[in-house]
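Written below as structure tokens is the structure these notes are about.
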Amino acid sequence: MGPLDKLGLIPEWYGMEIAVLAGFFFGLALERAGFADPRKLVNIFYLRDFAVLRVMFTAIVTCAVGLGVLWAAGLYRMELIYILPTKLTAQIIGGFIIGVGFVVGGYCPTTSVVAAVTGRLDAVVFLLGMCLGVVGFFVPFRLWSGLYEGVQGQILVPEVLGLSWGVTLLLIVVMAACMFMVAAWVEKKINKEDVFAQASG
Amino acid sequence: MSNPFAERDKRLYGQSYWSPYVCGVILGLTLLFAFYTMGRGLGSSGAFARVTIAATNAVAHQYTAENPYTASYVEGGENPLNDWLIWEVFGVVLGALFGAFVWGRFKGEIARGPNMAAGGRLWLALFGGFLSGWGARLASGCTSGQALTGGGSLAAGSWIFMFCIFGGAYAAAWFLRKEWL
């Protein structure tokens, strides 16, 4: 029965070990995917390599379906997890700026950590920039505190769509599959090669 | 395990990586593990906010305690570094080091496109990092803390956030083609 921590099924101090363990596989997955190389990351924005899309949506589908199955089987109390609150204006502006920062800097926060510790100087500088960005956010905080504090609350995708969890999950799986197919098609056009044909041929 | 992308990775990056689908499943199971055990997801920008606030607190405690954003981090003499995310990012460092060590992939370099100067690349990395750090504070999370975690738990705002990241990046890509292509 989960979540273990919220149900008091594990001692509090286990949290630290779990954090390091989860982080370990997080970092390993990103390193193995080649996400310590910013060229591999930003190539999605030049339509040459959609690895970012594939890793991201495979992970989201795996987790969302996993949670749904555990919940349906009575092994998970979904109402106990922390659902990130929706704050539309802040998320739209923040997301857009992180997106621009991704192409300008070559990383997002976690991938810059992986790149920095595996030897890339530009990633170390990116991390430094991130810390400066935090200072740039909190020093003049009053200027955008209104933007930051406007919260709509904990809203779930199935609620917005008016669908059940099961149907929403199915939609997400279908959407991911469609995106993977379009990505493969675009890559083939841009790179003028068919990796799948080469692999099987 | 056969990876259809291995040949192209070799040509484009001089490396053979694992299949993005395999890495995605590992990442998804890790996220599921975090939710199952702790009832929370993964993250990283929050850890750097905490490090920055802890450093500010060390040199200017009065200011940190009074600033409306940082005040809650140091309330009642609390140490901003005493947090789950800090340990999780420590794990990310270990995982990345392990991967790079076992498969011999340490590479001291300033990664950039073939037509980009090293100095210019570092300034852009600094500026990109600034944008990322700033934006992640406004949105209360980054690609992992919001998009991945919120995406996997079907939080509506996180899905919109994720599409905005892609929107911002695709909008900026043309202007920065010299840095990468």
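The values are calculated or read from the model by the stated rules, or taken from the named source; none is laboratory data. Just so you know, these numbers come straight off a predicted model, no measurement behind them. All Cβ positions, glycine included, derive from the backbone under ideal geometry; neighbour counts span all protein chains shown.
Remarks
- Enumeration of residues in the stretch B:33-58 that are basic (Lys, Arg) and under 19 Å from B:Leu138 (Cα atoms): B:Arg50
- In summary, B:Leu31 fulfils each of the numbered conditions (1) hydrophobic (A, V, I, L, M, F, W, C); (2) within 13 Å of A:Gly34 (Cβ to Cβ); (3) surrounded by 20 or more Cβ atoms within 10 Å (Cβ to Cβ) with the single exception of condition (2).
- Residues that are facing chain A (nearest Cβ under 7 Å) and either in a loop (DSSP other than H, G, I, E, B) or over 12 Å from B:Leu176 (Cβ atoms) (or both) within the stretch B:114-124 comprise just one, B:Leu122.
- Unique match (being under 25 Å from B:Cys142 (Cα atoms) and surrounded by 14 or more Cβ atoms within 10 Å (Cβ to Cβ)) among A:Gly146, A:Gly129, A:Gly153: A:Gly129
- For the residues A:Thr62, A:Thr89, A:Thr111, the requirement of being of a type in the set (S, T, N, Q) and over 16 Å from the mean Cα position of the chain (by Cα) singles out A:Thr89.
- Output for the stretch B:70-90, where each listed residue is touching a residue at least 24 places away in the same chain (Cβ under 8 Å) and either touching a Gly at 6+ places or on another chain (Cβ under 7 Å) or over 29 Å from A:Tyr14 (Cβ atoms) (or both): B:Trp84, B:Leu85, B:Glu88, B:Val89
- Within the stretch B:56-83, considering residues that are in a loop (DSSP other than H, G, I, E, B), away from chain A (no Cβ under 12 Å) and not acidic (Asp, Glu), the one surrounded by the fewest Cβ atoms within 10 Å (Cβ to Cβ): B:Asn79
- Filter pass, A:Val195 being in contact with a helix residue (DSSP H, G or I) (Cβ under 9 Å, 6 or more places away or on another chain) and either under 27 Å from B:Gly95 (Cβ atoms) or surrounded by fewer than 20 Cβ atoms within 10 Å (Cβ to Cβ) (or both): yes
- All conditions but one from (1) among the hydroxyl-bearing types (Ser, Thr, Tyr); (2) touching a residue at least 12 places away in the same chain (Cβ under 8 Å); (3) assigned to a helix (DSSP H, G or I) apply to A:Thr168; the one that does not is (2).
- Selection count where residues are part of a helix (DSSP H, G or I) and either within 18 Å of B:Ala49 (Cβ to Cβ) or in contact with a strand residue (DSSP E or B) (Cβ under 8 Å, 6 or more places away or on another chain) (or both), scope the stretch A:103-121: 8
Okay, residues lined up against (1) over 21 Å from the mean Cα position of the chain (by Cα); (2) more than 7 Å from chain B (Cβ to nearest Cβ); (3) not hydrophobic (A, V, I, L, M, F, W, C):
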position: A:Ala116; (1), (2), (3): no, yes, no
position: A:Asp122; (1), (2), (3): yes, no, yes
position: A:Cys131; (1), (2), (3): no, no, no
position: A:Gly136; (1), (2), (3): yes, no, yes
position: A:Leu143; (1), (2), (3): yes, yes, no
position: A:Gly146; (1), (2), (3): yes, yes, yes
position: A:Gly150; (1), (2), (3): yes, yes, yes
position: A:Gln154; (1), (2), (3): no, yes, yes
position: A:Trp165; (1), (2), (3): no, yes, no
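- Residue under evaluation B:Gly108, criteria (1) at positive phi; (2) modelled with pLDDT under 95; (3) within 7 Å of chain A (Cβ to nearest Cβ), criterion not met: (1)
- Of the residues in the stretch A:70-81, at least one is more than 7 Å from every other protein chain (Cβ to nearest Cβ), surrounded by fewer than 19 Cβ atoms within 10 Å (Cβ to Cβ), of a type in the set (Gly, Ala, Ser) and in a helix (DSSP H, G or I).
- In the set A:Ile190, A:Ile97, only one residue is at pLDDT 95 or above and part of a helix (DSSP H, G or I); that residue is A:Ile97.
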